[in-house]
Amino acid sequence: MDAIVEILSRGVEQLLGRAIGPLQFRLVVMPTVVTILAIRAGLRDAREGQPAFLWGIISNPTERRRRLLAGWKDITRIFIVAIVLDTAYQLMVLRAFYVVQALIVAVACAIVPYVLFRGPTARLARLLSGKQAGPTSNAAAAETTENTEERKNPITNPGDRA
């Protein structure tokens, strides 16, 4: 049990030590770049009428994969750079490589800021522009258009539709 506590305390100490060691700029630059990418994506979501990023992933299983892939596409390079820079830091300072620590730093620098800023940016942009989140897929949009047309002209035969 003492060994596990020792490993965890050493890991936490090493993770916190990154804030004052060499290459500390990465802990500011990478989240800043990711935040800018998230804001751009959030504005795009608002323009396209998409729901907030995380909410869209959680609430819409049909769109989940597409949304995750789009988000991953935005942050892939930053995530890889975060792992590479943390690996360099670990080799320079710790003289060892800890995979879990590299992943923790990469997630904290790349994924967390993206998820935290993309959704609220979309909501704020929609609020300021007066738009509401709409259908999240072309099929849903076509269905909504079809339903709207039926409401406009309720006296049509189902066979009359082209």
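Here are some notes:
- Low-density loop positions, trypsin sites (Lys or Arg not before Pro), the stretch 33-124 - DSSP coil, at most 13 other Cβ in 10 Å: Arg95
- Loop-resident sites, the stretch 7-76, for chymotrypsin sites (Phe, Trp or Tyr not before Pro), counting at most 11 other Cβ within 10 Å (DSSP): Phe25
A short reminder: the numbers here are calculations on the coordinates, not readings from a lab. These numbers come from a predicted model, not from an experiment. Glycine also receives a Cβ, built like all others from the backbone with ideal geometry; neighbour counts cover every protein chain displayed.
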